[in-house]
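Trainee: Sharing a structure here in structure tokens format.
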Amino acid sequence: MHERIYVIVGKEDPLVNAECGNLLDKLLQPQDRATGLFNAEAAQVSASEVLDELRTVPFLTERRVVVVKGADDFVSKNRHLLESYFDKPCPTGILILTVSSWPSQTKLAKKLPKVGKLIKVAQPKPWLLPRRLVEYARDAHSKKLTKDAAELLIELVGDELTRLYSEIDKLALFAHTEKSITESHVESLIGHNRIYSVFAVIDSCLAENAGEAVARLRNMFAEDKTAEYTAVGAFAFHFRRLFDTKVLLAKGVHPGEVVKRLRIWGNKDGFFSQVRGMSLDQIGSILQQLATIDFKIKTGQTKAEVAIEQLVLSLPLG
């Protein structure tokens with residue numbers, strides 16, 4: 001059973017829009033949207049238009065869904081009209097409002113639980129992110145996403161929720177008839193190309209060929225349009241494995257056992273050659289630099305292409 005009114009609240013527009021999209025998928029089939037959906041930005045629509053749309057008898061659909069995005073000012077300007085509508089919502093219309101805040105002390109907030117639902121959207125804490133991805137795979141695609149696969153995905157892609165959701169959408173298609181999305185799927189679809197690119201860049205650095213390293217890096221950004229967002233994660237993932245391998249080997253763990261524990265795939269001989277080519281201090285320093293780069297990118301202080309290229313040129317390898 002669906003609610004008559006939904007309010008989606010959150011500070012991050014990409015997350016709010018993604019949640020709105022997920023909700024629409026549950027409320028309307030794609031073929032019903034032409035006649036069953038009215039979608040508007042709050043600044044471009046009046047309250048009377050919204051209410052008229054909600055009260056319009058659905059044509060060829062069970063319900064009419066009206067979405068008003070960025071509705072903070074819209075709610076403030078039309079509070080009395082909305083309060084009246086909340087008292088008696090149209091039985092065939094569903095109203096979705098997206099806002100950045102929803103003060104609990106207002107009359108609308110107090111009326112909402114009787115006729116609708118408040119959906120709060122926020123970037124989950126890092127330790128809760130894998131669980132959120134598992135839930136998304138289950139709810140959006142009826143797939144089981146294993147915890148290990150979720151953690152590997154975060155390692156490779158980063159922690160931005162909407163981008164992770166997009167990757168899970170691709171993985172669900174890739175897994176096709178299989179019930180579960182596993183580490184192997186993540187490695188095959190996402191990890192292989194990105195880690196291979198990073199591997200090639202580091203190989204060039206070890207060969208003391210900075211020009212080739214930069215050329216391969218620029219090629220990675222040119223061929224993968226998502227590299228702007230995922231390059232730091234891919235480099236960090238690779239260097240963490242180099243670090244962990246270095247530690248395990250120092251403890252006397254056999255290379256074959258290291259391969260199993262860390263799930264090293266691809267060119268294993270080349271990987272261990274890279275391990276031998278760097279000291280633990282060098283790898284640790286690079287990981288610290290990557291953490292700083294990630295922070296600067298997220299706070300708008302630098303761009304991924306520039307920062308990663310500068311890192312590559314400064315790597316004390318070879």
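Trainee: Which residue is farthest from residue 201 (Cα to Cα), if the candidates are limited to region 220-236 and must be surrounded by fewer than 18 Cβ atoms within 10 Å (Cβ to Cβ) and modelled with pLDDT of 80 or more?
Mentor: 222
Trainee: Picking from 312, 247, which residue would you name as being part of a helix (DSSP H, G or I), aliphatic (A, V, I, L, M) and touching a helix residue (DSSP H, G or I) at 6+ places or on another chain (Cβ under 6 Å)?
Mentor: When all the criteria are applied, what remains is 312.
Trainee: Something else: Take the conditions of a type in the set (A, V, I, L, M, F, W, C), surrounded by 13 or more Cβ atoms within 10 Å (Cβ to Cβ) and more than 21 Å from residue 218 (Cα to Cα) and apply them to residue 239. Does it pass?
Mentor: It is false that residue 239 is of a type in the set (A, V, I, L, M, F, W, C), surrounded by 13 or more Cβ atoms within 10 Å (Cβ to Cβ) and more than 21 Å from residue 218 (Cα to Cα).
Trainee: To continue, here is another question. Condition check: buried (at least 20 other Cβ atoms within 10 Å of the Cβ), over 27 Å from residue 276 (Cα atoms) and either of a type outside the set (D, E, K, R) or touching a His at 6+ places or on another chain (Cβ under 8 Å) (or both). Does residue 168 satisfy that?
Mentor: Yes: the conditions hold for residue 168.
Trainee: If a residue must be surrounded by 12 or more Cβ atoms within 10 Å (Cβ to Cβ) and part of a helix (DSSP H, G or I), how many such residues does region 30-76 contain?
Mentor: 16
Trainee: Right, here's the next one. Take the residues of region 104-118 that are over 32 Å from the mean Cα position of the chain (by Cα) and polar (S, T, N, Q): which is surrounded by the fewest Cβ atoms within 10 Å (Cβ to Cβ)?
Mentor: Selected residue: 105.
Trainee: Oh, and also: Every residue in region 85-103 that is exposed (fewer than 15 other Cβ atoms within 10 Å of the Cβ) and among the hydroxyl-bearing types (Ser, Thr, Tyr), please.
Mentor: Selection gives 100, 101.
Trainee: Can I ask one more? Considering only residues that are under 26 Å from residue 84 (Cα atoms) and either among the aromatic types (Phe, Trp, Tyr) or at pLDDT below 90 (or both), which ones fall in region 1-15?
Mentor: Within region 1-15, 1, 2, 6 meet the criteria.
Trainee: Return the pairs, sorted by first residue and then second, in which the second residue is exposed (fewer than 13 other Cβ atoms within 10 Å of the Cβ), the first residue lies in region 91-109 and is part of a loop (DSSP other than H, G, I, E, B), the beta carbons are less than 8 Å apart, and the residues are 6+ apart or on different chains.
Mentor: If the second residue must be exposed (fewer than 13 other Cβ atoms within 10 Å of the Cβ), the pairs left are 92/57; 92/62; 100/11; 104/110.
Trainee: Another question, then. Please identify the pairs in which a residue from region 1-29 that is surrounded by 17 or more Cβ atoms within 10 Å (Cβ to Cβ) and assigned to a loop (DSSP other than H, G, I, E, B) has its Cβ atom under 8 Å from the Cβ atom of a residue that is modelled with pLDDT under 90 and polar (S, T, N, Q), counting only partners at least 6 apart or on another chain.
Mentor: These pairs meet every condition: 28/61.
The values are calculated or read from the model by the stated rules, or taken from the named source; none is laboratory data. All of these numbers come straight from a predicted model, not from anything done at the bench. Positions of Cβ are generated from backbone atoms using ideal geometry, with glycine treated the same way; all protein chains shown enter the neighbour counts.
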